[in-house]
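Step one of this worksheet: look at the structure below.
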Amino acid sequence: MVELEIKKQYEKFRLDVAFKSEKKRIGILGASGCGKSLTLKSIAGIERPEKGRIVIDGVTPVSYTHLRA
(Lines give C-alpha, C1' and ligand atoms only; values in the text may rest on other atoms or scores of the structure.)
Protein backbone atom coordinates (compact mmCIF):
# COMPACT_ATOMS: atom_id res chain seq x y z
CA MET A 1 0.00 0.00 0.00
CA VAL A 2 1.12 3.54 -0.77
CA GLU A 3 -0.53 6.58 0.77
CA LEU A 4 0.72 10.01 -0.15
CA GLU A 5 -0.28 13.56 0.71
CA ILE A 6 2.38 16.17 0.01
CA LYS A 7 2.65 19.88 -0.73
CA LYS A 8 5.52 22.07 -1.82
CA GLN A 9 5.63 25.59 -3.23
CA TYR A 10 8.21 26.40 -5.88
CA GLU A 11 8.79 29.80 -7.48
CA LYS A 12 6.37 29.20 -10.36
CA PHE A 13 4.77 25.88 -9.42
CA ARG A 14 2.84 24.39 -6.52
CA LEU A 15 2.99 20.63 -5.98
CA ASP A 16 -0.17 19.42 -4.22
CA VAL A 17 -0.65 15.65 -4.55
CA ALA A 18 -2.74 13.15 -2.63
CA PHE A 19 -3.55 9.52 -3.43
CA LYS A 20 -3.86 6.09 -1.87
CA SER A 21 -3.36 2.73 -3.56
CA GLU A 22 -3.59 -0.83 -2.28
CA LYS A 23 -1.70 -2.10 -5.34
CA LYS A 24 1.98 -3.01 -5.37
CA ARG A 25 2.51 -1.11 -8.62
CA ILE A 26 1.19 2.31 -9.47
CA GLY A 27 1.38 4.49 -12.56
CA ILE A 28 1.58 8.25 -12.50
CA LEU A 29 0.30 9.90 -15.66
CA GLY A 30 0.02 13.57 -16.54
CA ALA A 31 1.01 16.38 -18.81
CA SER A 32 4.55 17.67 -19.07
CA GLY A 33 5.42 19.82 -16.07
CA CYS A 34 2.55 18.66 -13.84
CA GLY A 35 4.77 17.24 -11.06
CA LYS A 36 5.15 13.53 -11.85
CA SER A 37 8.92 13.50 -11.36
CA LEU A 38 8.73 15.67 -8.24
CA THR A 39 6.18 13.25 -6.79
CA LEU A 40 8.41 10.25 -7.48
CA LYS A 41 11.45 12.09 -6.10
CA SER A 42 9.49 12.82 -2.94
CA ILE A 43 8.54 9.16 -2.52
CA ALA A 44 12.21 8.20 -3.05
CA GLY A 45 13.37 10.77 -0.49
CA ILE A 46 15.28 12.89 -3.01
CA GLU A 47 12.90 15.88 -2.74
CA ARG A 48 11.60 17.11 0.59
CA PRO A 49 7.99 18.33 0.62
CA GLU A 50 7.09 21.28 2.83
CA LYS A 51 4.08 19.52 4.30
CA GLY A 52 2.48 16.10 4.20
CA ARG A 53 3.21 12.44 4.70
CA ILE A 54 4.21 9.38 2.76
CA VAL A 55 3.20 5.92 4.00
CA ILE A 56 4.58 2.78 2.34
CA ASP A 57 3.28 -0.61 3.53
CA GLY A 58 2.09 0.95 6.80
CA VAL A 59 5.45 2.60 7.53
CA THR A 60 5.87 6.36 7.56
CA PRO A 61 9.58 6.90 6.84
CA VAL A 62 9.25 10.67 7.29
CA SER A 63 6.36 12.96 8.13
CA TYR A 64 6.60 16.50 6.85
CA THR A 65 4.84 18.83 9.29
CA HIS A 66 6.71 22.08 8.81
CA LEU A 67 5.43 24.73 6.42
CA ARG A 68 7.34 27.70 5.08
CA ALA A 69 5.68 31.07 5.52
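The values are calculated or read from the model by the stated rules, or taken from the named source; none is laboratory data. Computed from a predicted structure; not experimentally measured. Methodologically, a virtual Cβ is constructed for each residue, glycine included, from the backbone with ideal geometry; neighbour enumeration extends over all protein chains shown. Just the protein is used for accessible areas: all its heavy atoms, side chains included, with ligands, DNA and RNA removed. Shrake-Rupley method; radii C 1.70, N 1.55, O 1.52, S 1.80 Å.
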Dividing the Cα radius of gyration by the Kirkwood radius, what Rg/Rh value follows for the chain? 0.95
How large is the accessible surface per residue of the chain, computed with a 1.4 Å probe and reported in Å² as a whole number? 75 Å²
Among LEU40, LEU29, LEU15, which one moves the most in a GNM of the chain with springs linking Cα atoms closer than 10 Å? LEU29
With a 1.4 angstrom probe the carbon and sulfur portion of accessible area for the chain, in percent, totals 52 percent
Pick out which of ILE56, ILE43, ILE26 has the largest mean-square fluctuation in a Gaussian network model of the chain, springs linking Cα atoms closer than 10 Å. ILE26
Could you work out how far apart the two model spin labels at SER37 and ASP57 are, taking each label as a point 7 Å from the Cα in the direction of the beta carbon, and quote it in nm? 2.9 nm
Is it possible to state the helix-based mean residue ellipticity at 222 nm for the chain, with each DSSP H run of 4+ residues giving -39500 (n - 2.57), the sum divided by total residues, to the nearest 500 deg cm²/dmol? What is it? -3500 deg cm²/dmol
I'd like the accessible area for PHE13: 1.4 Å probe, protein heavy atoms, all chains in place, Å² to the nearest 10. 60 Å²
Once amide hydrogens are built 1.01 Å from N within the peptide plane, the residues lying 5 or more places from GLU47 or on another chain with amide H under 5 Å from its amide H are SER42
